[in-house]
Amino acid sequence: MNIVNYIEPLYRPPSEARSLILQITNGCSYNQCTFCSMYRAPQKKFSAKSEQDVSAEIVSVSRRIPSVDRVFLADGDAMALSIRRLLHVLGCIRTHLSSVRRVSAYCLPRNLKNKTVDQLVQLRDAGLQLVYVGVESGDDEVLEKVCKGETYQSTLEALNKLKAAGISVSVMVLNGLGGRLLSTQHAVNSARLVSAAQPQYLSTLVLSLPQGEARFQQGFAGAYQPLNQLELFAEMELFVDNLHLDKTIFRSDHASNYLVLKGVLGRDKARLLAQVRSAIADPNATGLRPEWARGF
């Protein structure tokens, strides 16, 4: 008998590799972003697992793996649930998995539109310590073309709510999302948004379209041109150069990236910019990730 019943495929952030993945929802309630194919399979239609099933799985885990330290609430949209249901899940975790020190989840900005700061404080006090927000871009034109359903302002409001509630945030930006035409404004406005939010964590991934470009191209009227390796580096240079952060942990080490960057911004800004500029000047001398090793 499985301890936890999953509807696959199942996704989680790289940093949650050692966490218990507790699938309290299936799929994504929005699921219209043209760059994302994670929840397109027929079996990934959005639904919430019943409270009884979630409680039973938590109890089952407590009997088999009592020393769980971290829990990630899957799927891509657990924060779409009501405050009441989220508090129920967090309460069960606290009751039956007392060793858990951190609970985290993905979060769409739209998930927080009808949640108050006081309600988010309740979630924090119940154990929710970290959420991963796919910002993707801070540029309104790019966001519109990829059907993100968000704007610079709506995203910043969500990030500010989380900050006010004391919940840590990991922001994700997609390198190359605007293509050649919108690369500059994508980089500059994404940096402007992140700088305004001052998240605890920031990561960048390179746009990947494993199921082809046809759907993605619709928003660009077929005019999207992907960035080549050097253009991706140039966009990253512009992005990092325009970041004004105090103490954000920065990672650009996802498998989709050619160039691995790690540091704390702004302390390590000069070093990170030097790495990017070195890659631009001589790509063969920087130990870049080979094409065959890259992946989504």
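Mind jotting down the distance between the C-alpha centroids of the range 1-64 and the range 194-209, whole Å? Result: 23 Å between the Cα centres. Beyond 23 Å, the tail of the calculated P(r) for the range 14-285 holds 55 percent of the Cα pairs. Compared with the dominant principal axis of the Cα atoms in the chain, helix 269-281 is inclined by about 50°. The alpha-carbon of LYS247 sits under 30 angstrom from the alpha-carbons of these lysines, leaving out residues fewer than 8 places away in its chain: LYS113, LYS115, LYS148, LYS161, LYS163, LYS262, LYS269. Here the contact order of the chain, divided by its residue count and restricted to Cα pairs under 8 Å and six or more residues apart, works out to 13 percent. A Förster radius of 25 Å combined with the Cβ-Cβ distance from ALA214 to GLN153 puts the calculated FRET efficiency at roughly 0.25. Note on ILE167, ILE7: ascending count of other Cβ atoms within 10 Å places them as ILE7, ILE167, the fewest first. Using alpha carbons only, the radius of gyration of the range 70-212 set against its Kirkwood radius gives Rg/Rh = 1.01. Pairwise Cα distances in the range 62-154 exceed 20 Å for 42 percent of all pairs. Sorting CYS36, CYS107, CYS147 from the fewest to the most surrounding beta carbons within 10 angstrom yields CYS147, CYS36, CYS107. As a calculated quantity, the FRET efficiency between GLU51 and LEU181 at R0 = 41 Å, using C-beta atoms, amounts to about 0.30. For the range 147-239, a crude dipole built from +1 on the beta carbon of Lys and Arg and -1 on the beta carbon of Asp and Glu, taken about the Cα centre, is about 220 debye to the nearest 20. Label zone (GLN43, point 7 Å along Cα-to-C-beta; backbone nitrogen cut-off 19 Å) within the range 59-100: 74-77. Think of each Lys and Arg Cβ as +1 and each Asp and Glu Cβ as -1; about the Cα centre, that makes the dipole of the range 14-285 roughly 860 debye. Taking amide hydrogens as placed 1.01 Å from N in the peptide plane, the amide H of ARG251 sits under 5 Å from those of LEU202, SER203, THR204, each at least 5 positions away in sequence or on another chain. Of interest is the spacing of the C-alpha centroids, which for the range 121-193 and the range 67-120 amounts to 19 Å.
Quick one: helix 179-197 against the long Cα principal axis of the chain, what's the angle to the nearest 10°, folded into 0 to 90? The angle comes out near 50 degrees. Remark on the range 1-99: hydrodynamic radius 14.0 angstrom, per the Kirkwood mean of 1/r across alpha carbon pairs.
Put a plus charge on the Cβ of each Lys and Arg, a minus charge on the Cβ of each Asp and Glu, and nothing anywhere else: the dipole of the range 14-56 about its Cα centre is then about 180 debye.
Computed from the coordinates by the stated procedures, all read-outs in this text should not be read as laboratory data. Not measured: the values here are computed from a predicted model. We place every Cβ from the backbone using ideal geometry, glycine too, and count neighbours over all the protein chains shown.
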